[in-house]
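Provided herewith is a single structure, encoded as structure tokens, for subsequent inquiry.
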Amino acid sequence: MNEKNRGCCSKDDFLPEESFKSWGNYFNALKETKLRLKDRFFARSQADEEINQICARSKNEMRKSLTWWDLIWFGIGSVMGAGIFVLTGLEARQEAGPAVVLAFLVSGISAMLSVFCYTEFAVEIPVAGGSFAYVRVELGDFVAFIAAGNILFEYVVSGASVARSWTSYFATLCNHNPDDFRILVSRLPENYNHLDPLAVLISFIVAAGAILSTKGSSRFNSIASILHIFIVVFIIIAGLTKANPANFTENFAPFGARGVFTASAVLFFAYIGFDGVATLAEETKNPARDIPIGLIGSMSITITVYCLLAVTLCLMQSYTNIDINAPYSVAFQAVGMSWAKYIVSIGAVKAMTTVLLGNIIGQARYFTHIARTHMAPPWLAIINEKTGTPMNATIIMTLANCIIGLFTDLSVLSNLLSISTLSIFSLVALALLVRRYYVFGETPDSERNKLIGFLTLIIGSSVATAAYWGVSKNGWIGFVVTVSIWFLATLGLKLMVKEARKPKLWGTPLMPWLPSATIAFNIFLLGSIDAASFIRFTVWSVVLLIYYFLVGLHASYDTAKEASQEKDIVDANA
């Protein structure tokens, strides 16, 4: 049977590697776990290998149909959704007050720093794997797998969050309470007992569009996002006509600086989605031109809009009266513009539809590239010949979204999402520093050792700053010490370590300050997240490691060895 038309009933679709041919092979592979882990830990993929050999494992190519215009609107459509329409009210009411605008600015700056790091990688390595591919090239297979698990976790949780938020605003549009569209199952634990069938339905509808055509999805996203911008402009103008400056200026930061940064850590959720644009690099006509415009342009617009919307909300209502479920709709109702809540709800439903579309498109492409390395079943890497899209990966990831979205409350999802995302963005920034200052086989040991030393100080001082923030309520001496160490370590990297590689097409500015600041910002925001979310995150990490040591390690090891042998044969015959 032709391989590309074969069904998915055979074991070889999921575990074709030598280690899984028999139980004997598997037990022998387990005995070699230590050796194989060492090999995978130090193994590095090459950029051209990711672009050519790894992508070829999908059988068919993705269609290069996107331009910078598509990417800008994908960026806006993928980001501007549940974060602004739901979390603004929650964080203004409970953590930041009117200073929520500063929280949006802080998390937006952190996101923009990460955008610059992603942009250089996406231009240099234009593949669907996004941050997984970037980390794999510079930090190796093992670290890439940890990143991969967090990437998939990020996207599943994000998709579930947006789908549940879609239900909330759809209910508002229909003059109903969101729980009217949910099913209460009293036997299930709190925060997991309101089943949301609408979240499942909208996920499947959006996934169907993503499977049929990337370009078609882009056209829908562009039209919907342009409409969304008009609705946002309406919200700002109409809301400001009902502004009461006292709502904003009196008690501007009722929870202090700690409240602002705590809100920033959660509001980082509002900027999630831009990394999905990087996964579209493989489908972009001119990555060197289109990706920088698309990523940086869309994030600049998003930060501006978010801050303006936050100011508008806090001018319309006292933060103590803001509704945490549908803040803008209720705010308009409170100032006597009840009719406006329908426009807000239409905008929110539309926004969350495009965010869900961007989420499903991004996660499927991540999963596709992860499967190309056999860290996930290779069946998931196959590109459908007719549509040029990763159909298998899209279906599986949508099912995961639906399962989580059916059960889990948004309050549980948002913090989990921020931990996963901040961790990934820190790894990408670290990988960029390694890429610029180290080339395997060329960089002298002395330069490498200095690089390791400075990176250790940058990460260590960033962790210490976050930890001090967590344990010290009013102190400032610790910050003088930790921030000074970070500054001197970054300065030392700039002055004492020679750049080993220059970007060929587009480079991140202010090297190494910008990626170093990205690491520091992201780790600092991690320090503002609650302990319960870290416990859940730790459980997920343990599950990841169990899978890796039992399956992923051996599958990727066999695949790498087979590819190496094939390359040796080709070289010998050349």
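The values are calculated or read from the model by the stated rules, or taken from the named source; none is laboratory data. Everything quoted here is computed from the prediction, not taken from an experiment. Counting neighbours? That spans all protein chains shown, and the Cβs are built from the backbone with ideal geometry, glycine included. Side chains are part of the model used for accessible areas, which takes the heavy atoms of the whole protein and leaves out ligands, DNA and RNA. Shrake-Rupley method; radii C 1.70, N 1.55, O 1.52, S 1.80 Å.
Table: residues versus (1) surrounded by 12 or more Cβ atoms within 10 Å (Cβ to Cβ); (2) at pLDDT 85 or above.
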{"site": "LYS11", "(1), (2)": "no, no"}
{"site": "PHE14", "(1), (2)": "yes, no"}
{"site": "GLU18", "(1), (2)": "yes, yes"}
{"site": "SER22", "(1), (2)": "no, yes"}
{"site": "ASN25", "(1), (2)": "yes, yes"}
{"site": "ALA29", "(1), (2)": "yes, yes"}
{"site": "LEU35", "(1), (2)": "no, yes"}
{"site": "PHE41", "(1), (2)": "yes, yes"}
{"site": "GLN46", "(1), (2)": "yes, no"}
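A further question on this structure: How many residues are at pLDDT below 85 and either small (Gly, Ala, Ser) or under 18 Å from ALA207 (Cβ atoms) (or both) when one looks only at segment 132-150?
Total satisfying the criteria: 3.
OK, next. Let me spell it out: the conditions are (1) in contact with a Ser or Thr (Cβ under 9 Å, 6 or more places away or on another chain); (2) within 25 Å of ILE125 (Cβ to Cβ), and GLU499 meets all of them except one. Which number is the exception?
With (1) in contact with a Ser or Thr (Cβ under 9 Å, 6 or more places away or on another chain); (2) within 25 Å of ILE125 (Cβ to Cβ) applied to GLU499, the lone miss is (1).
Here's something else I'd like to know. Looking at PHE132, is it over 24 Å from GLY75 (Cβ atoms), buried (at least 24 other Cβ atoms within 10 Å of the Cβ), within 19 Å of the chain's Cα centre (by Cα) and of a type outside the set (Lys, Arg)?
In short, no.
I need every pair where a residue in segment 500-514 that is under 20 Å from LEU455 (Cβ atoms) has its Cβ under 6 Å from the Cβ of a residue that is open to solvent by 40 Å² or more (accessible area, probe 1.4 Å), sequence separation at least 6 or different chains.
These pairs meet every condition: ALA500/TYR438; THR508/PHE116; PRO512/LYS494; LEU514/PHE116.
Which of (1) more than 26 Å from the chain's Cα centre (by Cα); (2) outside any loop (DSSP other than H, G, I, E, B) is the odd one out, the single condition LEU188 does not satisfy?
The single condition LEU188 does not satisfy is (2).
Test ALA348 against the stated conditions and say whether it is within 26 Å of GLU190 (Cβ to Cβ) and either open to solvent by less than 10 Å² (accessible area, probe 1.4 Å) or modelled with pLDDT of 85 or more (or both).
On the way: within 26 Å of GLU190 (Cβ to Cβ): yes; either open to solvent by less than 10 Å² (accessible area, probe 1.4 Å) or modelled with pLDDT of 85 or more (or both): yes.
The answer is yes for ALA348.
Output the residue which, of all residues in segment 274-303 that are among the polar types (S, T, N, Q) and open to solvent by less than 10 Å² (accessible area, probe 1.4 Å), is farthest from GLY77 (Cα to Cα).
This residue is THR284.
Next question, about the same structure. Filter segment 445-497 for residues that are basic (Lys, Arg) and either under 20 Å from LEU525 (Cβ atoms) or in contact (Cβ under 8 Å) with a residue 60 or more places away in the chain (or both) and give the result. Give the derivation first.
Initially, segment 445-497 is screened for residues basic (Lys, Arg), giving 448, 450, 473, 494.
The answer is LYS473, and nothing else.
I'm told THR368 meets every condition in (1) under 18 Å from the mean Cα position of the chain (by Cα); (2) open to solvent by 10 Å² or more (accessible area, probe 1.4 Å) except one. Can you identify the failing condition by its number?
The number of the failed condition is (2).
Here's a follow-up. Going residue by residue through segment 308-321, is there one that turns out to be at pLDDT 85 or above, in contact with a strand residue (DSSP E or B) (Cβ under 7 Å, 6 or more places away or on another chain) and of a type in the set (S, T, N, Q)?
No - not one qualifying residue is present in segment 308-321.
Kindly check whether there is at least one residue in segment 135-142 that is basic (Lys, Arg) and in contact with a helix residue (DSSP H, G or I) (Cβ under 6 Å, 6 or more places away or on another chain).
Checking segment 135-142: at least one residue is basic (Lys, Arg) and in contact with a helix residue (DSSP H, G or I) (Cβ under 6 Å, 6 or more places away or on another chain).
Filtering segment 378-393 down to residues that are touching a residue at least 24 places away in the same chain (Cβ under 8 Å) and assigned to a loop (DSSP other than H, G, I, E, B), which residue is surrounded by the most Cβ atoms within 10 Å (Cβ to Cβ)?
Per the criteria, the residue is PRO390.
Open to solvent by less than 10 Å² (accessible area, probe 1.4 Å), under 20 Å from the mean Cα position of the chain (by Cα) and among the small types (Gly, Ala, Ser): does that describe SER107?
Criteria met by SER107.
Also, quick follow-up: Within segment 149-169, does at least one residue satisfy the condition of being more than 20 Å from the chain's Cα centre (by Cα) and open to solvent by 30 Å² or more (accessible area, probe 1.4 Å)? Walk me through it before giving the result.
Narrowing segment 149-169 to residues more than 20 Å from the chain's Cα centre (by Cα): 167-169.
Of the ones still in play, those that are also open to solvent by 30 Å² or more (accessible area, probe 1.4 Å) are none.
No, every residue in segment 149-169 fails to be more than 20 Å from the chain's Cα centre (by Cα) and open to solvent by 30 Å² or more (accessible area, probe 1.4 Å).
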